DNA sequence: TACTGCATGTAATCGGTTACATGATTGC
DNA sequence: GCAATCATGTAACCGATTACATGCAGTA
């Protein structure tokens, strides 16, 4: 149940609407956690019901309303509690690796396509992560600037450093996957020769 | 929806009961996919209803029955179809990395404990994967022997090679995580000095 | 006799996905 | 006027988790 904490963490930077939060999950590189918008809107309502966030309603046209959410003191406490709490290691559930375990059932050409797609996907991801790391280091991302603006100067280094560390980790992961796919392609060659 | 395919793949080696299948998911290194036993039993019943597997019932004591499942021709076809089909890349959802993004909220000692636990977990995993790779290469695992026994001799090399490649990939992943945790520990030192 | 491991389930709940629906605002 | 994007939801469904329940078999 980390979606709520991802939301609390994003709101710590400042008030945001459900739509803006969904964008952070969908489009930006800030997606160590993914969530579709219906889940975000429902979770925000739940967090509001539990008093962890509050909503400022503004009229939008004649019938609709826009709801900007902000952290409550309880929400901030919950965020801090969660960060300190140890995570139970996650269970592995990887469809691509599961499938690769049984590649002998597929044609070599098909196996090649699998590995090529795996490589292409992670090359794309790698570029995203690297670009994001560069932006964080230059303190260019909007979210980071909002966080730094209301944090004590002495914390700035750590705030930036931990984020950089995470996205460098994601980049390293992508490189590991690219190498795995390349060794896979070599293996297909070896098996068909 | 890969649980069903994991089950079909395991049954390809030969008939098994729900309990034996659950053990493969729980205890053995064969867990690129994790599933708890209630999910396995229900999925097996569903697969039976769809005619992809069949169950042989044997009495167990006076009231209970043991059900050994085996692949039907339809199940085998579905397994082959799935292996050839391209996977959509999976969405990232990583609680440990999400939390690490906000480590500035925690005490340095707590952050150290997080990284140490991360490293310890993946060191354990690494040993599992390496042991499993060695067993596969020696063709020692029971499941592999059952598969090889009813496969054509000319396919043996590929059957072993793809499994080895997957578990070597898992080992590589574990090494990447260990290094990430170690760089994390260095970072805490640097930030607190 | 009691404990452990073998063995099979049901039920409640929850998190996540997909399809569908509606309206507002901005720019061509 | 129309399309694209902004913005907010509901509902149905499905996969995964957790708690609970039951009975068999071997052994200390």
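The values are calculated or read from the model by the stated rules, or taken from the named source; none is laboratory data. For clarity, every value in this text was computed on a predicted model and none was experimentally measured. FYI the Cβ positions are ideal-geometry reconstructions off the backbone, even for glycines, and counts take in every protein chain you see.
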Elements of type helices (runs of 4 or more DSSP H) in the stretch A:20-130, at least 1 residues being within 11 Å of DNA strand D (Cβ to nearest atom), at the interface with chain B (Cβ under 7 Å from one of its Cβ atoms) and crowded, with 16+ Cβ neighbours inside 10 Å: A:95-100
Filter result for residue A:3 (under 28 Å from residue A:152 (Cβ atoms) and either in contact with a helix residue (DSSP H, G or I) (Cβ under 9 Å, 6 or more places away or on another chain) or in contact (Cβ under 8 Å) with a residue 40 or more places away in the chain (or both)): no
Total residues in the stretch A:131-164, condition part of a loop (DSSP other than H, G, I, E, B) and away from chain B (no Cβ under 11 Å): 5
Output for the stretch B:165-182, where each listed residue is within 20 Å of the chain's Cα centre (by Cα) and within 9 Å of chain A (Cβ to nearest Cβ): B:165, B:166, B:167, B:168, B:169, B:170, B:172, B:173, B:175, B:176, B:177
Checking residue B:60 against (1) modelled with pLDDT of 95 or more; (2) in contact with a strand residue (DSSP E or B) (Cβ under 9 Å, 6 or more places away or on another chain); (3) within 12 Å of DNA strand C (Cβ to nearest atom), the condition it does not meet: (1)
Subset of the stretch A:3-19 that is out of contact with any strand residue (DSSP E or B) (no Cβ under 6 Å at 6 or more places or on another chain) and within 14 Å of DNA strand C (Cβ to nearest atom) - its residue that is nearest to the other protein chains (Cβ to nearest Cβ): A:5
Qualifying residue in the stretch B:100-110 (condition: in contact (Cβ under 8 Å) with a residue 40 or more places away in the chain and not assigned by TED's automatic domain parsing to the domain that holds residue B:43): yes
